[in-house]
1. So which residues in region 95-118 are in a helix (DSSP H, G or I) and buried (at least 16 other Cβ atoms within 10 Å of the Cβ), if there are any at all?
2. Name the residue, out of 264, 224, 252, that is surrounded by 17 or more Cβ atoms within 10 Å (Cβ to Cβ), modelled with pLDDT under 80, out of contact with any strand residue (DSSP E or B) (no Cβ under 7 Å at 6 or more places or on another chain) and more than 18 Å from residue 62 (Cα to Cα).
3. Output yes when any residue across region 165-176 is more than 25 Å from residue 94 (Cβ to Cβ), at pLDDT 85 or above and touching a strand residue (DSSP E or B) at 6+ places or on another chain (Cβ under 7 Å), and no when none is.
């Protein structure tokens, strides 16, 4: 048995070593071409970047911060949000100097209010392109934000007459509060500005609210036409940089790309030690022998029956009914915002306002239960009837709440 464990540990070590070598080789090649771990996902810009390469445009990858030496000379820097890495104050200063010296910045803002970068938002506000993005809707079941809805948007006066822009997939509940020196590029049908540009020193800053370069939205409507026009107009004769530093690194094959020899070496050593420890301790008893633990003698259902019997013998059905009413009030307050000690009329009004529930039947059910809960004696049949009616009312409320979501 010990020999088998040693063979197993050695084989595991060899497998992990081979995976480390493969991951290092594959990850290096992929990181050289597309460093962003998000490039190939639905919200990434891999398809647009490959298209620019096929058009023989000078496309470069920015793998360092905005204050680094990689960002030099005129050109266009494309920053797509949400960012996966925080922005430092030094980066904002370096970016500002580069734009003022003749660079162009295109920010594709597809982040919700909870995902925005405060530093980048402040920089755009100071430049004259303050914007409002949608606040995420929180699902109380999972607490995960949903992406905002998008809607078609038509072109504005800031676009050339020859550019045919009729429909774009941009964020509906969003808008740019541009100052007087900014140029409006796109205006939505609700009057909000969804794309604008402004001069910043010798350079230009452009802001688009929506998934302009996303892989899954690039061919929707006239999105590609607008994206190509922006790149051609903003880059001048310079290069096109894609910011990958703030999207993290690791390549498209994240599983293999994250494998490194140091971590795998420690993992293999720990696995080998665990296998050896198991081999030497298998079959050894620690401490005196103990008898097997007895299984529980009563099930949970038996405890429920016992508690119900105690309530019946004590003629305390009204207390159980009061607990059911209190729980109904709490859940109604959580769903409608009514107070925990709301009267029957207040509960009925709140439920009928939010859900399709008749206020008369709700008031009658709750009042009957409240009156019965104040009586000194309550028969088991009456308790069962009232509890069933309250349970049915609670099921109707839950069903209406699910349909409204």
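1. 95, 96, 98, 99
2. 264
3. no
The values are calculated or read from the model by the stated rules, or taken from the named source; none is laboratory data. Given the structure is predicted, the values throughout are model-derived calculations rather than measurements. Here Cβ is always computed from backbone atoms with ideal geometry, including for glycine, and neighbour counts include all displayed protein chains.
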